[in-house]
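Heads up: the structure comes next, in structure tokens.
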Amino acid sequence: MSEKTTDRPVFPFTAIIGQNEMKLALILNVIDPKIGGVMIMGDRGTGKSTTVRALVDLLPEIPVVANDPFNSHPSDPELMSQEVKEKIARNEPFEIINARINMVDLPLGATEDRVCGTIDIEKALSEGVKAFEPGLLAKANRGILYVDEVNLLDDHLVDVLLDSAASGWNTVEREGISISHPARFILVGSGNPEEGELRPQLLDRFGMHAEIKTVKDSELRVAIVLQRLEFDESPETFRKKYEKEQLELTKKIAVAREKVKSIQIMDDLFYTISLICSELDIDGLRGDLVTNRAAKALCAFEGRDTVESNDLYRVMPLCLRHRLRKDPLDTIDSGEKIQEILAKYLE
């Protein structure tokens, strides 16, 4: 497992050439984590993992309770552990620090105990305390949980991750002892479609779906290769070239995270979103909700106050294409069908 703090230099997010769809989906999820995460599918060697790890450098600072294994929020009860709640109830002081949003990698072979945490029954019985060893979901609270090759992960484990991501809580039960803790994180999965897609029922629970392909343009390929070679030769020198852009984008994301709460969607666009979801025969209401959130996040990111029709053109394919797939044997629509219906309603 690797977390945000690492000795290995990370490729700068602002230096990544192309793959705009993937970058936009990741940024929108950081602005509004309630979008529900993003599934990134594409060919091998297209920079999926590089881009996700590059995102870490852009994550703004958040207030956390010092030395708390759950990255508890100092004032929001929905984002704090039971221990912190008890300290507040007893009026006990605790240290508050600002820390960068955390990212946790989930190893492909991780067990459910490693992911969810374990209860030490012997200690619980002998000492009469709930002895809980936090897992990766605790470390990922209020951060990002990244699963590379998520389509190769056991369906049961994917279910556990998606349940926690949706509810914002993780519950571990053993021998009549039950422990719950906040686990509100952005779930980012990546994979190669040649190795199989997730079942439609699981895929639907990812907020967004980004599709990336190998760059075909020879000049662009040369630029990407030269850039990578330069980074490998001297990572720190390369990173300094993009320091200003990185800082500007970090500030832009931090501002958007606050601004998104006040963004408005006019009634006509609000109804248009649901009309389009209905015409596309999208099951459930997740598509409607995610599109609304993503459009607001994009609007906040670009510094505007009101969602425009152009925002829907940009986010709806990301929010809906994976929800069109009803049969596991179907392929995921590239977004053309969605764009056609958008043009019909937004002309």
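Every read-out reported here was derived from the displayed coordinates using simple, explicitly stated rules and does not represent laboratory data. Since the model is a prediction, treat every value here as computed from it, not as a measurement. Every residue, glycine as well, gets a Cβ built from its backbone with ideal geometry; the counts of neighbours run over all protein chains shown.
Quick notes
- Among 203, 162, 269, the largest mean-square fluctuation in a Gaussian network model of the chain, built with springs joining Cα atoms closer than 10 Å, belongs to 269.
- Taking the three principal axes of the alpha carbon atoms in region 260-346, the coordinate ranges are 41, 22, 21 Å, sorted in descending order.
- Among 111, 250, 291: highest mean-square fluctuation, GNM of the chain, C-alpha pairs under 10 Å: 111
- Straight-distance candidates among the aspartates and glutamates for linking to residue 241, with alpha-carbon spacing under 16 Å and chain neighbours fewer than 8 residues away dropped: 57, 230, 232, 233.
- Read-out semi-axes √(5λ) of the Cα gyration tensor in Å, derived from the coordinates shown; its label in (1) 33, 25, 22; (2) 27, 25, 21; (3) 61, 19, 17: (1)
- Relative to the longest principal axis of the Cα atoms of the chain, helix 20-31 runs at roughly 40 degrees.
- Only Lys, Arg, Asp and Glu carry charge here, each on its Cβ (+1 for the first two, -1 for the last two); on that basis region 260-346 has a dipole of about 300 debye about its Cα centre.
- Convex hull of Cα atoms in region 150-299, direction-averaged projection (nm²): 14.6 nm²
- Pair residue 78, residue 94: separation of 7 Å Cα→Cβ label points (nm): 1.9 nm
- For residue 40, nonlocal amide neighbours, meaning residues 5 or more places apart or on other chains whose placed amide H falls under 5 Å from its own, are 189, 190, 191, 210.
- Cross-link pairs beyond the 20 Å C-alpha cut-off, checked among 23/251; 213/244; 34/344; 213/344: 213/244; 34/344; 213/344
- GNM top mover of 19, 227, 264 - the chain, alpha-carbon springs below 10 Å: 227
- Sorted ascending by nearby beta carbons within 10 Å, beginning with the fewest, 208, 103 become 103, 208.
- Environment charge of residue 262, counting only residues whose C-beta is closer than 13 Å and scoring Lys/Arg +1, Asp/Glu -1: +2
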